[in-house]
Amino acid sequence: MILSWITSSLTPKVLATIVNKIDSASAWSSLQERYASTSQNRIIQMRTELMNTSRGDLSIADYLDKINVIVNNLALSGAPVSESDLVAIIMSKVGPQYETTVASAQARDTPITYTSLETLLLGAEQRYKTFSLPPDSSTSAFAAIRGGRSSFRGRGNSSRDGHGGGFSRGGGGFSLK
């Protein structure tokens, strides 16, 4: 019964690590060895993975989920990441699309919390998706009606400085102790 509970609470990727275990004790030991290892090599590997994980083409939610898995594994290994380091890592890796969101987070009088940053980034992503229009949208039709002036820039079109209607972010350096 306990083995069934353990297996039902795991993601498919994690479940693959205990698929051959026949009892709950061996399954739990395998999970602990794999994900809660306190070996220095494992901690270094996870910190390196955390530092090198960039958003790429992931949604903000998927990127934050990926980061949270690594951070949670570090915490289980006895090497938790501070909230300020986590915020700095995320702000430096979400990409240029979120430059203004990160700039606003950095301009605050008090340091931003992870929860607040997550809310800002998810909101910015939603706004970006809402205001990004396909190339053949009414914006293009409006530009044609106005005589096709090259100076017209609607949402979703690139501006002269390359920063279209999107939201961007920047970041700063940091180090984990």
Q) Looking at the stretch 102-138, which of its residues are modelled with pLDDT under 90 and crowded, with 17+ Cβ neighbours inside 10 Å? A) 128
Q) When you go through 53, 17, 7 one by one, which is the residue that is among the polar types (S, T, N, Q), surrounded by 13 or more Cβ atoms within 10 Å (Cβ to Cβ), touching a helix residue (DSSP H, G or I) at 6+ places or on another chain (Cβ under 9 Å) and within 30 Å of residue 126 (Cβ to Cβ)? A) 53
Q. For the subset of the stretch 77-103 comprising residues that are in contact with a Leu (Cβ under 7 Å, 6 or more places away or on another chain) and among the hydroxyl-bearing types (Ser, Thr, Tyr), which member is nearest to residue 53 (Cα to Cα)?
A. 98
Q: Of the conditions (1) farther than 30 Å from residue 127 by Cβ; (2) modelled with pLDDT of 85 or more, residue 87 clears all except one; give me its number.
A: (1)
Q.
Cβ-Cβ distance below 6 Å, separation of 6 or more or different chains: which pairs start in the stretch 105-133 with a residue that is farther than 13 Å from residue 90 by Cβ and end on one that is of a type in the set (Ser, Thr, Tyr) and surrounded by 14 or more Cβ atoms within 10 Å (Cβ to Cβ)?
A. 133/139
Q) Which of the residues spanning the stretch 11-41 are under 22 Å from the mean Cα position of the chain (by Cα) and under 18 Å from residue 71 (Cβ atoms)? A) 11, 13, 14, 35
Q | Matching option when the condition is of a type in the set (Asp, Glu) and surrounded by fewer than 17 Cβ atoms within 10 Å (Cβ to Cβ), among 99, 83 | A | 83
Q: Give, as residue ranges, the helices (runs of 4 or more DSSP H) completely inside the stretch 1-104 that count at least 1 residues that are under 25 Å from residue 131 (Cα atoms), of a type outside the set (A, V, I, L, M) and without any contact (Cβ under 8 Å) to a residue 40 or more places away in the chain.
A: 60-76
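The values are calculated or read from the model by the stated rules, or taken from the named source; none is laboratory data. If you're wondering where the values come from, they're calculated on a predicted model, not measured in any experiment. Methodologically, a virtual Cβ is constructed for each residue, glycine included, from the backbone with ideal geometry; neighbour enumeration extends over all protein chains shown.
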